[in-house]
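> There's a structure below that I have some questions on.
The values are calculated or read from the model by the stated rules, or taken from the named source; none is laboratory data. For clarity, every value in this text was computed on a predicted model and none was experimentally measured. Quick reminder, even Gly has a Cβ in these numbers, built from the backbone with ideal geometry, and neighbours come from all protein chains shown.
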Amino acid sequence: MSIKCRIIEGECSNCGACVGICPLEAISEAPYYIDPLICDGCLECIDGCGSSAIESYEYSSTPSPPFLIPFSLALKMYEDK
Ligand code: SF4
Ligand code: SF4
């Protein structure tokens, strides 16, 4: 687990300020996106965003477990066939 930043959907005003703030050039434009593989969680972009459109989160690079559905739902899907 490590801390990364991401842009909050619907909050970004597309001003472009964060692109110049990020020292690692982790933020791309149109649409604005922070690459978690480049971001090191310095948090500088959060302070630099005038729209409060960037937040930090805990990033895990390990893959998610396979998608599991509850047994009751699986049974219903089988019965509906
Ligand atoms: S600084 Fe904030 S509002 Fe401006 S482009 Fe970046 S995320 Fe969007
Ligand atoms: S937290 Fe730092 S490295 Fe990550 S996108 Fe923001 S400014 Fe760039």
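Conditions tested, residue by residue: (1) within 9 Å of ligand 1 (Cβ to nearest atom); (2) loosely packed, with under 14 Cβ neighbours inside 10 Å.
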site: Ile7; (1), (2): yes, no
site: Gly16; (1), (2): yes, yes
site: Asp47; (1), (2): no, yes
site: Ala53; (1), (2): yes, no
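> If a residue must be touching a residue at least 40 places away in the same chain (Cβ under 8 Å) and not small (Gly, Ala, Ser), how many such residues does the range 1-42 contain?
The total comes to 9.
> Scan the range 11-35 for residues that are on the phi > 0 side of the Ramachandran plot and modelled with pLDDT of 95 or more and report the count.
3
> Which residues, taken from the range 1-16, are part of a loop (DSSP other than H, G, I, E, B) and closer than 11 Å to Tyr57 by Cβ?
Met1, Ile8
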